[in-house]
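Shown next, in structure tokens, is the structure this report addresses.
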Amino acid sequence: MEKAMETFRQWVKESRRMVFFGGAGVSTESGIPDFRSTNGLYHQQYRYPPETILSHRFFQRNPEEFFRFYRDKMLCPQAKPNRAHRVLARWEEEGRLQAVVTQNIDGLHQAAGSRTVWELHGSVHRNHCLQCGRFFGLDTILESAGVPRCPCGGIIKPDVVLYEEALEPSVMEGAAEAIAGADLLIVGGTSLAVYPAAGLLRYYPGCRLALINRSPTPMDGAADLLFSDSIGEVLSAAAQD
């Protein structure tokens with residue numbers, strides 16, 4: 001472990017085009033639940049399975065039930081950036097990190113100070129009216145009851161990618177370009193089970209792939225460095241001079 005950390009620390013020092021690819025495990029240390037762990041959302045009991053509620057079809061057919069679950073389980077306005085978010089923001093400020101590619105929708109990378117963030121699955125902080133296109137912030141959703149509506153009468157939909165919806169092409173292209181140009185790719189807090197997001201890793205042409213995740217992933221065998229500890233602890237240790 002110590003030898004792997006020494007190598008990782010050296011890679012970070014040498015990097016000028018680092019890219020971080022992260023998932024829900026990055027935000028669990030901020031108190032935001034993930035999806036697939038033992039205590040994750042997919043292992044809890046609801047009237048409908050979470051993956052059904054978070055689908056485009058369900059949103060269209062039962063928006064009231066969608067927003068009941070969405071406000072209760074998907075919005076964590078009290079959450080603050082943790083050590084992992086702060087280290088990544090500092091590396092960007094130092095000119096080491098080129099971009100963050102995230103599957104998270106909580107906006108914590110930006111709250112920590114990261115500027116180049118490719119949000120593959122959108123953000124809870126952006127919402128728009130399906131009828132007139134007007135945009136609204138997170139407070140509009142939090143302060144409304146039932147189905148949030150625009151003054152024009154249209155339903156306000158969160159700009160998050162639901163099941164059965166396609167990822168934004170420009171975001172996918174930007175993320176793929178960043179990964180393709182990376183001299184160090186750090187993958188953390190993700191099971192790498194969600195596609196097409198996980199497929200972006202194939203664009204990485206380099207030989208410095210560091211993977212940080214508490215549970216095994218399909219990419220463990222391809223990783224040049226593998227850590228199964230807290231992502232906040234690993235990144236903080238790597239950031240030490």
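The values are calculated or read from the model by the stated rules, or taken from the named source; none is laboratory data. Quick caveat: nothing in here was measured; it's all calculated off a predicted structure. Here the Cβ positions follow ideal geometry from the backbone for every residue, glycine too, while neighbour counts run over all protein chains shown. For accessibility, only protein heavy atoms count, side chains too; no ligands or nucleic acids. Shrake-Rupley method; radii C 1.70, N 1.55, O 1.52, S 1.80 Å.
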Among the residues of the range 204-241, write down those that are of a type in the set (S, T, N, Q), open to solvent by 60 Å² or more (accessible area, probe 1.4 Å) and either without any contact (Cβ under 8 Å) to a residue 40 or more places away in the chain or under 10 Å from GLY188 (Cα atoms) (or both). SER228
Being among the acidic types (Asp, Glu) and under 22 Å from the mean Cα position of the chain (by Cα) is the filter here; which residues of the range 141-184 pass it? ASP159, GLU164, GLU165, GLU168, GLU173, GLU177, ASP183
Return a yes/no flag: does the range 113-124 have any residue that is open to solvent by 30 Å² or more (accessible area, probe 1.4 Å), farther than 30 Å from TYR204 by Cα and either in contact with a strand residue (DSSP E or B) (Cβ under 6 Å, 6 or more places away or on another chain) or without any contact (Cβ under 8 Å) to a residue 12 or more places away in the chain (or both). no
Would you check if there is a residue in the range 174-182 being in a strand (DSSP E or B), surrounded by fewer than 21 Cβ atoms within 10 Å (Cβ to Cβ), touching a residue at least 12 places away in the same chain (Cβ under 8 Å) and not charged (D, E, K, R)? no
